[in-house]
Amino acid sequence: MDLLYNIGIGAYRLAVKAAALRNRKARLMLEGQAQTMDRLRDNIEPDGGYIWVHASSLGEFEQGRPLIERIKRERPDARVLLSFFSPSGYEVRKNYPMADVVVYLPFDMPQQVKQFLDLAKPAVAIFVKYEFWGNYLTELRRRGIPTYVISAHFRPSQVFFKPWGGMFRRILRCFTTIFVQNEDSRQLLKSVGVTRVEVSGDTRFDRVADVRAAAREFPAIEALTAGAPFTLVAGSTWPADEDLLIPYFNSHPGMKLILAPHEFDRERLHALMARVTRPVGLYSETSPEAARSLDCVIIDSFGLLSSLYRYGDAAYVGGGFGAGIHNICEAAVYGIPVIFGPNHGKFREATELVACDAAFTVASRDDLEGTLNRLIGDKNALQRAGHAAAHYINSHTGATEFIYNNIPQLSSRGAHRRSTTEAAKEPQS
């Protein structure tokens, strides 16, 4: 890669090291990366042939998960190496049973890249959505290892499409195939001369459909919501979201609330409980008998939210007053309307759900009040929005099947142990 790129990655690594002095996540990343090479030496089989799947964090993992599970279902003998860059992915999924080896991905520095690939011995590499590490991709191409990115989504504002983005466009040409979510992304790539592109859709739709089919039951939540005229499930919320939700809930005694904050510690949980003026309890401390006398349960356990949406008449998904909304498909798959804050422009599914009247965006307390009053007061409108949400999700499944069938190293028996030089044939520009 270019010297300027390597200087930038080096500066980023130094910034993470500085942050690690005070930031736990940065410290976990550095500690985890320090163990990566030893984990590979201890766990990688000598003959290699691994299907390497890289996801930046937990959200990207959930997009890649349907493909991993499809591979293992069809070919249990396939070897899967799973890597993460962020602690939010690794620390939650380091024991994921469908992966044979799980590691942190070292920084994208030339020597570390070569050492990682020497030890990992991948036969094919699959990156999920937004992972464009120049040194990894260039070295994979040089070694003739087929390399793919799945569920990618491109926008005109990205660096690839800027006049000065030539270096980053060269990175895109390292991929054997880029699987994109929609035709707009393909046309953008075509405009800069990147043509090895397939429109596959987004594997997140397959993932949420799988989760819905295997949704867990929660007796305490069943007791909370039994007979309630309206239940709102508020998932992955931040303080800015709660500033809208809690006042509305406090003043509307006819509704029930399931509140799942995105991050929580005891201090934050107790602060939330203090703001709720109606009967409220923590999920971990609430029995089904106790839940019958509550109006609100605050979720203080990880891994429940995707199943909890099944108990809602509508959902509120947090993050829209910060960097961006969390996974709204997890809620919409249950056939309920979804509400979220204004920062959702980067999320195609949000724009499309709003366009088909299955989702609603709010920017203030007045907006939230108007939206919820309309849904609560008009059961026909609530039902129409829910049906539209379910139809949208169901009509977008199938990406995993398409990708699996169009990566030869996955769908052909034993092909994951073969190498190819196809990725090296397209000239750089």
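Of the numbered conditions (1) assigned by TED's automatic domain parsing to the domain that holds L105; (2) under 22 Å from D118 (Cβ atoms); (3) out of contact with any strand residue (DSSP E or B) (no Cβ under 9 Å at 6 or more places or on another chain), I9 fails exactly one; give the number of that condition.
Condition (1) is where I9 drops out.
Which one of V211, V199, V194 is at pLDDT below 95 and of a type in the set (V, I, T)?
When all the criteria are applied, what remains is V211.
What number of residues within the range 70-82 are more than 15 Å from V101 (Cβ to Cβ) and either touching a residue at least 60 places away in the same chain (Cβ under 8 Å) or in contact with a helix residue (DSSP H, G or I) (Cβ under 8 Å, 6 or more places away or on another chain) (or both)?
Summing the residues that are more than 15 Å from V101 (Cβ to Cβ) and either touching a residue at least 60 places away in the same chain (Cβ under 8 Å) or in contact with a helix residue (DSSP H, G or I) (Cβ under 8 Å, 6 or more places away or on another chain) (or both) in the range 70-82 gives 3.
To keep it simple, each residue is scored yes or no on (1) surrounded by fewer than 12 Cβ atoms within 10 Å (Cβ to Cβ); (2) in contact with a Cys (Cβ under 6 Å, 6 or more places away or on another chain); (3) over 24 Å from D118 (Cα atoms); (4) among the hydroxyl-bearing types (S, T, Y).
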residue: R13; (1), (2), (3), (4): no, no, no, no
residue: A20; (1), (2), (3), (4): no, no, yes, no
residue: P46; (1), (2), (3), (4): yes, no, no, no
residue: Y50; (1), (2), (3), (4): no, no, no, yes
residue: V53; (1), (2), (3), (4): no, no, no, no
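Give the range 272-288 a look and list any residue that's touching a helix residue (DSSP H, G or I) at 6+ places or on another chain (Cβ under 9 Å) and not in a loop (DSSP other than H, G, I, E, B), or say none.
L272, R275, V280, G281, L282, Y283, P288
Kindly check whether there is at least one residue in the range 151-159 that is at pLDDT 95 or above, part of a helix (DSSP H, G or I), surrounded by fewer than 20 Cβ atoms within 10 Å (Cβ to Cβ) and more than 21 Å from the chain's Cα centre (by Cα).
The answer is no, given that none of the residues of the range 151-159 is at pLDDT 95 or above, part of a helix (DSSP H, G or I), surrounded by fewer than 20 Cβ atoms within 10 Å (Cβ to Cβ) and more than 21 Å from the chain's Cα centre (by Cα).
From the set of residues in the range 189-210 that are buried (at least 20 other Cβ atoms within 10 Å of the Cβ) and in a helix (DSSP H, G or I), which is farthest from the chain's Cα centre (by Cα)?
L189
Looking at this structure, is P87 in the same structural domain as G165 (by TED's automatic domain parsing), at pLDDT below 95 and not aliphatic (A, V, I, L, M)?
yes
Among the residues in the range 44-51, are any in the same structural domain as A120 (by TED's automatic domain parsing), outside any loop (DSSP other than H, G, I, E, B) and touching a residue at least 60 places away in the same chain (Cβ under 8 Å)? Give the derivation first.
Residues of the range 44-51 that are in the same structural domain as A120 (by TED's automatic domain parsing), as a first pass: 44-51.
From the residues that got through so far, the ones that are outside any loop (DSSP other than H, G, I, E, B) too are 50-51.
From what is left, the residues that are touching a residue at least 60 places away in the same chain (Cβ under 8 Å) are 50-51.
Yes; the residues of the range 44-51 include at least one that is in the same structural domain as A120 (by TED's automatic domain parsing), outside any loop (DSSP other than H, G, I, E, B) and touching a residue at least 60 places away in the same chain (Cβ under 8 Å).
Quick grid of which residues meet (1) surrounded by fewer than 22 Cβ atoms within 10 Å (Cβ to Cβ); (2) in the same structural domain as P156 (by TED's automatic domain parsing); (3) not β-branched (V, I, T):
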{"site": "I325", "(1), (2), (3)": "no, no, no"}
{"site": "A331", "(1), (2), (3)": "no, no, yes"}
{"site": "N373", "(1), (2), (3)": "yes, no, yes"}
{"site": "I376", "(1), (2), (3)": "yes, no, no"}
{"site": "A389", "(1), (2), (3)": "no, no, yes"}
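Taking F160 as meeting all but one of (1) touching a Lys or Arg at 6+ places or on another chain (Cβ under 7 Å); (2) in contact (Cβ under 8 Å) with a residue 40 or more places away in the chain, write down the number of the exception.
If we test F160 against (1) touching a Lys or Arg at 6+ places or on another chain (Cβ under 7 Å); (2) in contact (Cβ under 8 Å) with a residue 40 or more places away in the chain, just (2) comes out false.
Give the residue that is farthest from G59 (Cα to Cα), with candidates limited to residues of the range 91-111 that are among the aromatic types (F, W, Y) and touching a residue at least 60 places away in the same chain (Cβ under 8 Å). First the steps, then the outcome.
Filtering the range 91-111 for residues among the aromatic types (F, W, Y) gives 96, 104, 107.
Remaining after also requiring touching a residue at least 60 places away in the same chain (Cβ under 8 Å): 104, 107.
Numbers: Y104: 16, F107: 20 Å.
This residue is F107.
The values are calculated or read from the model by the stated rules, or taken from the named source; none is laboratory data. None of these values were measured; they are calculated from a predicted model. When we count neighbours, we look across all protein chains shown, and the Cβ atoms used for this are built from the backbone with ideal geometry, even at glycine.
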